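Derivation of every value follows stated rules applied to the coordinates shown; laboratory data play no part. Remember, it's a predicted structure, so these values are computed and weren't measured experimentally. Cβ placement follows ideal geometry from the backbone for every residue including glycine, while neighbour counts extend to all protein chains displayed.
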Amino acid sequence: MNTATHWKVDVTKILCRSEITTVLADLKRKEPRSVNTRQNLIIFRLSTCCGLRASEIVGLNLGDLRVGVTRPYINVRRTIAKGDKARRVPLWWDAGTLADLEAWKVHRQANGASAGDPLICTQCRGNEGKRLDRFNLRKRFLAACSCLGDDRVADLTIHHGRHSFVSHALAGGRSLAEVRDAAGHSNVAITSIYTHVAVDDEGETGHLFVF
């Protein structure tokens, strides 16, 4: 069966631009008070603004965040990528995401983390630095979205953040090939499914991909 022809995007699960900006604003307002909230911001960024799968997010190491180069990117290693297919996820597409991830890396390094330590980890005193599992990651993503209301959160999973990334990247003018490579799709036909998904409240898709 051809997945690209038999699977459709549920547009009700795509986070529209106003929802993404609402979540980011809420998290950034609260992050100075809580390192856990700050990490939830990073999880939301990795899912919704970078398109990473849950298994990839929990598998990321600090050294996979390559920010000291001309075109910063996330190195999704073969060992954590679906189908053992390594890829690079551009961070230079979105200045807000780059700034938050770069600041998080600095924070982790200031607390003694090295390149081989997990990017996302437990923050409990006395147990800091332990890699999160996917169950806790999914809970944290939904906690990040809590400002959207209980009814909306009940409709969402962390994987819908990935769908939202693909939809917004295409709407922002990135080519099918660029988004295919960033998302790690096996072929461009899968990516093309998202080309007609409206990502704004008004259904307009001509904006730049910047959050």
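What does the extension gain come out to for Ala25 and Glu128, with contour length at 0.36 nm per residue minus their alpha carbon separation? Please report the intermediate quantities before stating the final value.
Working: separation 103, 0.36 × 103 = 37.08 nm, distance 2.63 nm.
Full extension from Ala25 to Glu128 adds 34.4 nm.
Across q = 0.20, 0.22, 0.29 Å⁻¹, region 86-154 modelled as identical point scatterers on its alpha-carbon atoms has Debye log10 I(q)/I(0) values of -1.09, -1.16, -1.18, in the order of the q list. Here's how it looks for Arg87: its modeled amide H is under 5 Å from those of Val76, which are all 5 or more places away or on a different chain. Our helix-only sum for the chain, with -39,500 (n - 2.57) per DSSP H run of n ≥ 4 divided by its residues, gives a mean residue ellipticity at 222 nm of -12500 deg cm²/dmol. Sorted on the mean count of surrounding Cβ atoms within 10 Å across their residues, most packed first, peptides 76-83, 57-64 read 57-64, 76-83. Here the simple spin-label model places points 7 Å from the Cα toward Cβ, and for Asp150 and Ser114 these points are separated by 4.7 nm.
Which order do the peptides 146-155, 45-54 come out in when sorted by mean C-beta neighbours inside 10 angstrom, highest first?
Values: 146-155: 12.3, 45-54: 26.1.
Highest-to-lowest ranking by the protection proxy: 45-54, 146-155.
Taking θ as phi - 60° and the Karplus parameters 6.51, -1.76 and 1.60, the scalar couplings of region 117-127 work out to 7, x, 5, 10, 7, 5, 10, 5, 4, x, 9 Hz in sequence order, x denoting glycine and proline. Longest segment of the chain with no GluC sites (Glu not before Pro) in a DSSP loop having at most 12 other Cβ atoms within 10 Å? Longest gap between qualifying sites, sites excluded: 1-201.
For region 3-196, what ratio Rg/Rh do Cα atoms give with a Kirkwood hydrodynamic radius? Don't skip to the answer; put the middle values down first.
Numbers: Rg = 16.0 Å, Rh = 16.9 Å.
Taking Rh as the inverse mean 1/r over Cα pairs, Rg/Rh reads 0.94.
Which lysines, on any chain, are close to Lys28 with Cα under 17 Å apart, when same-chain ones fewer than 8 places away are left out? Partners within reach: Lys105.
For trypsin sites (Lys or Arg not before Pro), the sites in region 95-151 that DSSP calls loop and that have at most 12 other Cβ atoms within 10 Å are Arg125, Lys130.
In region 76-128, which chymotrypsin sites (Phe, Trp or Tyr not before Pro) fall in coil by DSSP and have 14 or fewer other Cβ atoms within 10 Å? Provide the component values of the computation, followed by the final result.
Numbers: sites: Trp92, Trp93, Trp104; in loops: Trp92, Trp93.
Filter output for region 76-128: Trp92.
For Val35, Val9, the sequence from fewest to most other C-beta atoms within 10 Å is Val35, Val9.
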